[in-house]
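A single structure is presented below for examination.
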Amino acid sequence: MAGRSIDKKRLEAFLRRMNDLLERPSKIFLLGGSSLTWRGVKSESIDVDLALPENEDDPIPILDAITSASDFIEANADVMRLGDLLPLPEGYAERAEHAADFDRLAVYHFDPYSIALTKLARSATKDINDIDGMLRTGVIDCATLHHHFESVLERYKRKASRGDWTDFQRKVEKFYHEHCE
């Protein structure tokens, strides 16, 4: 479903609608542009990016609420499994930050360094602009970002082909040289 871009007001309407549809306490993580829009790092996102907790035993009610809420605001909602992302840096769970509570729905920002590393792996212009915004607003810092890149590189090498991980390494080093030195 193509819809208008998602600003913080529409994102909040989405989350409130999800909350209204849930019958039990639930938790979600904002990813990518959704997290950055909620934080005020960027003014809008093209869709709603979410992840469920890894230990969610019964995701069907939450997924149903997400589908209904995306229809309600006429927007795309992408739900990721955390295991589908790049290898996550150590301590990622502890870096999740509380974003909001809506009665039955607890909303958290996913680890900002994991978000930045995922964006660096793609390195589209909009992704680089998002990471610059994260640096500018103090959501992340260069030294810690580079540390987390180093911490995931060996695991990424085992998961990806040589071309993929060397490309990722090249993109991170280019970004670091152009934006952090």
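Readers should treat all values here as calculations from the given coordinates under stated rules, not as data from a laboratory. Everything numeric here is computed off the predicted structure, so don't read it as measured data. Virtual Cβ from ideal backbone geometry, glycine too; neighbours counted across all protein chains shown.
When the Kirkwood radius is taken over all Cα pairs of the range 115-179, what Stokes-Einstein diffusion coefficient follows at 37 °C and 0.692 mPa s, in µm²/s?
The diffusion coefficient I find is 275 µm²/s.
Out of every Cα pair in the chain, what percent are spaced more than 20 Å from each other?
53 percent
Give the percent of DSSP beta bridges with both residues in the chain that are antiparallel, rounded to the nearest 5.
Values: 8 of 17 bridges.
In the chain, DSSP labels about 45 percent of beta bridges as antiparallel.
Of the chain, which part is the longest with no trypsin sites (Lys or Arg not before Pro) in a loop (DSSP not H, G, I, E, B) and with at most 11 other C-beta atoms within 10 angstrom?
The segment 82-181 is the longest one with no such site.
Set the Förster distance to 25 Å, then compute FRET efficiency between R122 and A143 from the Cβ-Cβ distance, nearest 0.05.
0.65
Of K8/K174; K126/K171; K8/K126; K8/K119; K126/K174, which sit over 23 Å apart, Cα to Cα? Working shown, then result.
Numbers: K8/K174 31 Å; K126/K171 14 Å; K8/K126 18 Å; K8/K119 20 Å; K126/K174 16 Å.
Those over the limit are K8/K174.
How long are the semi-axes of the ellipsoid equivalent to the range 1-93, from square roots of 5 times the Cα gyration tensor eigenvalues, in whole Å, largest first?
Each semi-axis is the square root of five times an eigenvalue, giving 20, 18, 11 Å.
At 0.36 nm per residue, and after removing the present C-alpha to C-alpha distance, how many nm does the segment from E23 to D164 gain when stretched out fully?
46.5 nm
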